[in-house]
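> Structure below; questions to follow.
The values are calculated or read from the model by the stated rules, or taken from the named source; none is laboratory data. Quick caveat, the model's predicted, so the values are computed rather than measured. With ideal geometry, Cβ positions are generated from the backbone for all residues, glycine too; neighbour counts draw on all protein chains shown.
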Amino acid sequence: MTTPRTMVPMRDSIRSLLAQPRVPDPPVRVWRDWVLVGVLVPVAFLELLLRDDVVWPLLALTLAISSIVSLLWRRTYPLAVVVIVFGAVTVASIAAAVGGAGEFGLYVTVVVVLPPYALFRWASGRDAAIGMGFIVTVAVINSVIAAMNGSTTGVILEPLIGSAVFLALPAALGTLVRYEANARANEVDKAKLLEREQLARELHDSVAHHVSAIVIQAQAGHTVAAAHPDAAADALAVIEEEASRTLAEMRVMVGALRDDHAADLGPQRGVADIERLASNAGSVPIVEVLVTGDLDDLPPSVDAAIYRLAQESITNAVRHARDAARVEVRVTGDDASVQLTVTDDGNPNEPGQTPSGYGIVGMEERATLLGGTLDAGPNQRRGWTVTAVIPKSGSAT
């Protein structure tokens, strides 16, 4: 017997849902969780004191507090929290049926809306399916008990539909938030990957430069070795220096290519070309460049990184800094590092001042791969500043 074609996509979707892993490294507990528990526990005690229609008040309070406290683990153990909270709801319904009159559960147990959200936001697909099955089972049991008690005139469907709508909304919201978070994470990873590929391309050029120098010096040393031993020794010293720099560049390249993506090859630019960026930026805003300090003999990876960071920062300032009249670019070198600072005087109150997209993410990734740091944010009065510091060694220590 063949499977209908319409069933195949549904079956594949179910398999895909069940195979979905749980969200890695969820927040354990944040301050909002403690505030929630700190507020709801006293409210549960206060509600019990103000109401006189609760059957078995001590058991009702115990179930309510256990449900509230379990919310502290709703992100790390969402399925267990669903079982605890909805298990308490089932016990409350059974107790109300056995009591025969009055209300058993406390109104504060409205917190049952939080576990379905957490289940679909943080749990694996298999746990979400199991948890939803448990929730549906509890809803059916509660609907049957409500119908048997006559609170719904014997109609089971009415409370069942109400429960489904009440609990499906937070579950759908959790799914939506999870989808958006995954989409943003994918975009961030894509931006990092593109930056790594660009860095690897530039490192390829620098390594090729060093290897060419090694070959030339080796040929020269071989030629003069017999007649001029001192010259051969000098050539060996140059080879040693170039080989050491090549090894350092190769280590950075391996780190940049650790995701096994190939990089295209092409020419690279450096600090000396930043002036050209200023001239190509246009007349408004005015881009001013100041280069000071020890910037001689920079490793090609660092030289290219400073250029790329300056290029991205200037582009962001020209595109996003509203009402900006000037962009200042400062490159300063000392014995250990190179610092790049790009500042504009745009209006921070205007929409569009904050750079859109994931350019900042790529810039941070480039600086991190070379052992440096990058900070970007609004100034105290107006404008935006990007500050990058990259060690001249061009690698993380």
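> Out of everything in region 298-321 that is out of contact with any Gly (no Cβ under 7 Å at 6 or more places or on another chain) and charged (D, E, K, R), what residue ends up being surrounded by the fewest Cβ atoms within 10 Å (Cβ to Cβ)?
By that ranking, first place goes to Arg319.
> Within region 354-382, work out how many residues are buried (at least 21 other Cβ atoms within 10 Å of the Cβ), outside any helix (DSSP H, G or I) and at pLDDT below 85.
Residues flagged as buried (at least 21 other Cβ atoms within 10 Å of the Cβ), outside any helix (DSSP H, G or I) and at pLDDT below 85 within region 354-382 amount to 1.
> Residue by residue through region 308-336, note down the ones that are in contact with a Ser or Thr (Cβ under 8 Å, 6 or more places away or on another chain) and part of a helix (DSSP H, G or I).
His320
> Exactly one of (1) of a type outside the set (D, E, K, R); (2) surrounded by 10 or more Cβ atoms within 10 Å (Cβ to Cβ); (3) at pLDDT below 90 is unmet by Leu40. Its number?
(3)
> Just checking, how many residues over region 48-72 are in contact (Cβ under 8 Å) with a residue 12 or more places away in the chain and part of a helix (DSSP H, G or I)?
Residues meeting the conditions: 14.
> Taking only region 62-101 into account, find how many residues are polar (S, T, N, Q), under 15 Å from Ala118 (Cα atoms) and surrounded by 18 or more Cβ atoms within 10 Å (Cβ to Cβ).
To start, the set of residues in region 62-101 that are polar (S, T, N, Q) comprises 62, 66-67, 70, 76, 90, 93.
Next cut, under 15 Å from Ala118 (Cα atoms) only: 67, 70, 76.
After this cut, where a residue has to be surrounded by 18 or more Cβ atoms within 10 Å (Cβ to Cβ) as well, the list is 67, 70.
Matching residues across region 62-101 total 2.
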